[in-house]
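J.: First the structure, then my questions, so here it is.
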Amino acid sequence: MAELLRLLLRVSEKAANVARVCRQEAPLFQLLVQEKTGEDKNKKFVQDFKTLADVVIQEVIRHDVGAQFPEIVDFIQGEESNKFENGLGESVTVTVRDTEEETAALLATVLDGDLAAAALLARAIHRDPAAVDADGPNVPLRASELGIWIDPIDATSQYIEGREEAPEEGRLSPSGLHCALVLIGVYLRSTGQPVMGVINQPFNRKDPASGRWQGKLFWGVSCGDVNACSVTRAKSGPVERRAPSVVLSSSEKRAVKDALSSLCGPEKLTYASGAGYKILCVIQGSADAYVLSEGSTFKWDSCAPHALLRALGGGVADLTESLKSASEATVELTYHRPNARGKGADRWANCGGLVAYGDSSQLSAILEALRGKL
Ligand code: 2IP
Ligand code: CA
């Protein structure tokens, strides 16, 4: 497992490099921000470049993990499908090939022969990232017991919009490039419990001298009695005695906002973009909880940050199921089974909504405040 963690950190760094290159290199940036429609649309080009960037990142992760752990490769799932169709109805499957040249040639076919863009992307895919060091624990799990969820870029809209805000360390900042995250979560195939997570924040800090973005890595392992996390949280006194601070999506329901405002006080309710970023705020302690009443997140959004929260003694509960549960016991999200009634991506939606929490006494207070209000 320590070896798998090192690999996921390295491959997340490669993914973050691809994400940064797409914004930093002019030929790719042009493609990223232009939304061609109607007459302007080139029929030989893939429908939308941002989806291609996402797919490329996902396939880099799948390729590198599959090369070292072939037992996992059929259990790596992600947000995107790697099959593309252009406006002429031609279908291309985007994969990472053995050499940079072969990958560039394949990418050129979906970029309508744009060799410069294809070469830049292929270079980022095949370049070895800087060494990443992590002293992860060794837990006795075999690769054949594990599955992986990938969100190549969470908060895509923030990634495309690209507003550069400089959040203060430890403070939650509602929107901007820093909300975009690469999420890689590992779960147990038998129980669906998340056991390892890597979060890569490609746009954590902009170096004032070079103007280049630097990323930040977060990881966690939680398996049996072994819990380890790269984040250490400051203790701020007995949590059960203070009102929790809660982060929400700006589109959250009025009834939820009102109920939580009564519990926390309006000044302790905040709003931020990105499902992954909101859970990261709870991991880092800039919010005590993230509440979402809709089924608008997916397994790939929550698996990785859920593993970090578990390693810190918290978790991510299914909101609907936990409200139904008569006992004090809450129902944690799991990652191994599709929703029987969902179709397409909705098969993997966290359809009951969720509460990500750092401390279970605050989870109880939040559930109490929401009971009968939804
Ligand atoms: C999205 C993204 C959105 C989030 C939504 C996710 O993933 O994180 O920001 O909505 O739930 O599925 P909100 O910001 O309102 O919480 P993606 O960007 O990968 O589609
Ligand atoms: Ca997402």
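J.: Taking the convex hull of the Cα atoms, report for the stretch 239-370 its projected area averaged over all directions, in nm². Spell out each step's value before the answer.
T.: On the way: hull surface 30.7 nm².
Computed as one quarter of the Cα hull surface, the answer is 7.7 nm².
J.: Take the cross-link list LYS50/LYS83; LYS324/LYS373; LYS50/LYS216 and give me the ones stretching past 18 Å between alpha-carbons.
T.: Details: LYS50/LYS83 14 Å; LYS324/LYS373 12 Å; LYS50/LYS216 22 Å.
Violating the 18 Å limit, Cα to Cα: LYS50/LYS216.
J.: Moving to a separate point now. Quote the relative contact order of the chain in percent (integer), defining contacts as alpha-carbon pairs under 8 Å separated by 6+ residues.
T.: With pairs under 8 Å counted, the relative contact order is 15 percent.
J.: Could you please state how large a percent of the accessible area of the chain is carbon and sulfur, counting protein chains only and using a 1.4 Å probe?
T.: 47
J.: So what is the accessible area of the chain per residue, in Å², with the probe set to 1.4 Å? Numbers along the way, then the final one.
T.: Numbers: 16640 Å² over 374 residues.
The answer is 44 Å² per residue.
J.: Further, regarding this structure: Just to be sure I understand: with springs between alpha-carbon atoms less than 10 Å apart, which residue in ASN204, ASN339, ASN82 has the highest mean-square fluctuation in the Gaussian network model of the chain?
T.: ASN339
J.: Okay, next question. Looking at the square roots a ≥ b ≥ c of the eigenvalues of the Cα gyration tensor of the chain, which shape do they give, rounded for a/c under 1.5, prolate if a/b is larger than b/c, or oblate? The partial results should precede the final answer.
T.: Working: a/c = 1.68, a/b = 1.52, b/c = 1.10.
It comes out prolate by the Cα gyration axes.
J.: I'd like the GluC sites (Glu not before Pro) in the stretch 99-195 restricted to DSSP loop residues with at most 11 other Cβ atoms within 10 Å, sorted by number.
T.: On the way: sites: GLU100, GLU101, GLU102, GLU145, GLU161, GLU164, GLU165, GLU168, GLU169; in loops: GLU164, GLU165, GLU168, GLU169.
Within the stretch 99-195, the qualifying GluC sites (Glu not before Pro) (loop, at most 11 other Cβ atoms within 10 Å) are GLU164, GLU168, GLU169.
J.: Would you calculate, for the chain, the mean residue ellipticity at 222 nm contributed by helices, counting each DSSP H stretch of 4 or more residues as -39,500 (n - 2.57) and dividing by all residues, to the nearest 500?
T.: -11000 deg cm²/dmol
J.: Taking the chain as a Gaussian network, Cα atoms linked when under 10 Å apart, which of SER364, SER250, SER230 shows the biggest mean-square fluctuation?
T.: Answer for the Gaussian network model of the chain: SER250.
J.: I want to check the label-to-label distance for GLU71 and ARG97. Put each point 7 Å from Cα in the C-beta direction and report it in nm to one decimal.
T.: If labels sit at GLU71 and ARG97, their model points lie 3.2 nm apart.
J.: Let me ask another. Got the relative contact order for the stretch 239-370 handy, in percent, Cα pairs under 8 Å and 6 or more residues apart?
T.: Relative CO of the stretch 239-370 lands at 30 percent.
J.: A further question follows. Taking loop as defined by DSSP and a crowding limit of 13 other beta carbons within 10 Å, which trypsin sites (Lys or Arg not before Pro) in the stretch 216-311 fit?
T.: Numbers: sites: LYS216, ARG233, LYS235, ARG241, ARG242, LYS253, ARG254, LYS257, LYS268, LYS278, LYS299, ARG310; in loops: ARG233, LYS235, ARG242, LYS253.
Sites meeting the loop and neighbour criteria: LYS235, ARG242.
The values are calculated or read from the model by the stated rules, or taken from the named source; none is laboratory data. This one's a predicted model, so the numbers in the text were calculated from it and none came from an experiment. Here Cβ is always computed from backbone atoms with ideal geometry, including for glycine, and neighbour counts include all displayed protein chains. Side chains included, ligands, DNA and RNA excluded: accessible areas come from the protein's heavy atoms. Shrake-Rupley method; radii C 1.70, N 1.55, O 1.52, S 1.80 Å.
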